[in-house]
Amino acid sequence: MPIFFTFSASRPVFASALIFTAVGAFAQEAPISALTLAQTLALAAERHPALAAQAYQERAAEGLIEQAGLRPNPTLEASLENIHGTGRVQGLRSLEATVQASQTFERGGKREKRVALATRERDTATKEFAVRRTEILAATAAAYVNTVAARQRLTLAAEPVRLARETLALIESRVRAGAASVIDSARARAAVISAEGEFARTEAALVSARATLAATWGGSLAEVGGLTGTLRVPDALPAENEFRVRLASHPRLEQQAAVIASRRAHLDLEQAQAKQDVTASGGVRFLRDGTDAAFVAGVSVPLPTRNKNQGNIRAARETLAGAEHTVRAITAELHAAFTAAWQDLAAAHALAQKLRREALPATEEAHAAVRRAYEAGQLPLIDVLDAQRALVALRREILDAESAFATALARAESLTAPTFPATTALLSSE
């Protein structure tokens, strides 16, 4: 069925339809609570599906430690000799049966070194969990900031709608009084439609941001109620050095330290494998149809003439050296990422401060002056619309800068303080 929109002198039906749709959508969602950043981070840490899956690796490593501590099983061997031969050993008359058990005794501390390696690998799994947790919390903080920014953009998008409607009402009153043309009225109605369309797009972006935020803990859109906090840059930047010094304790470096310890334990085990194990055996041999018996015993030791495990030892040394060199690469990467985040933070801070302190008062003053001049018949409508667009564009630019500041701050803290104290304080400030 086709849908037609008509306009009245006061409020377009299009606007009413948009507002009705928006109210209905928010009513259907039925948000259950307001969330702070700290609460959101706690939800992600507790309920994110990837973290739940990662936890199984640590429990699996416990099983490997148990297995590593087990000694070799003994071997039971039974053998028959002189069966169905010819001549004097024909048939079973000369049958001899031997039953013996053997046990391998490991040399070089292999068992202890296996346990040490399995323990180090469990520690590595634990550190991998911490790294994954940090990544998820960073994504959660970014999604939270983005959702707060989207909410503020929606509030900001309502202002052009209000201004456009006020301008439309003013022009239509001037048209009725013969002081303005119907062309001005048409332009004002177009401005209202444009502002309402932007409001609808901003509203959709907010719903999308809320869905992304809910996904950080595997939740639903209904769980994301009103978020606390407002994006507003502080008067002064935080101290950069206080952030940078904490890079040394980043979970990725701790994980790499665990990897190095695991590689070293692996090298120790491979060196121990070069020690040849001893296998001792003993049993009973039954002779001549079981009428006689004798004990048998033996010891076997491999002769390391060719295979001294030298290839595995060399490979373990190289992987250890590679792990140690990786520390420098990770350190450089972390410092580069922090520097980029801090530069974005400083640039956004300077821009937001300049726009809010200098550009915004001047633009608001110019908008008010143009509106007064139009009401006095001194300026055309196009100047009023241009002034409105300039004011709206500036307010959006300020919000974009403040959003960029908060996003960069969350990035910097994801590298230095995974609990995000500065970002939480920023969103808690009035």
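The values are calculated or read from the model by the stated rules, or taken from the named source; none is laboratory data. Owing to the predicted nature of the structure, the values given are computational and were not obtained by experimental measurement. Heads up, the Cβs are rebuilt from the backbone with ideal geometry, glycines too, and the neighbour counts pull from every protein chain shown.
Data overview
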{"item": "Hits in the range 100-151 - residues which are in contact with a strand residue (DSSP E or B) (Cβ under 8 Å, 6 or more places away or on another chain), in a helix (DSSP H, G or I) and not hydroxyl-bearing (Ser, Thr, Tyr)", "result": "Val148, Arg151"}
{"item": "Considering residues of the range 253-287 that are in a helix (DSSP H, G or I) and of a type in the set (Lys, Arg) only, the residue farthest from Arg133 (Cα to Cα)", "result": "Arg264"}
{"item": "Residues satisfying the stated conditions in the range 213-252, i.e. in a loop (DSSP other than H, G, I, E, B) and over 22 Å from Leu426 (Cβ atoms)", "result": "Gly218, Gly219, Ser220"}
{"item": "Lone unmet requirement of (1) surrounded by 14 or more Cβ atoms within 10 Å (Cβ to Cβ); (2) at pLDDT below 80 for Glu106", "result": "(2)"}
{"item": "Only listed residue being closer than 30 Å to Ser403 by Cβ, of a type in the set (Asp, Glu) and surrounded by 15 or more Cβ atoms within 10 Å (Cβ to Cβ), chosen from Asp277, Asp344, Asp268", "result": "Asp344"}
{"item": "Any helices (runs of 4 or more DSSP H) falling wholly within the range 349-430 and containing at least 1 residues that are over 28 Å from the mean Cα position of the chain (by Cα) and modelled with pLDDT of 90 or more", "result": "360-375, 381-416"}
{"item": "The range 245-259 - residue that is surrounded by fewer than 18 Cβ atoms within 10 Å (Cβ to Cβ) and more than 19 Å from the chain's Cα centre (by Cα) and, of those, nearest to Glu333 (Cα to Cα)", "result": "Ala248"}
{"item": "Where a residue in the range 374-386 is over 12 Å from Ala188 (Cα atoms) and its partner, wherever it lies, is at pLDDT 85 or above and acidic (Asp, Glu), with Cβ under 9 Å and at least six apart", "result": "Tyr374/Asp383"}
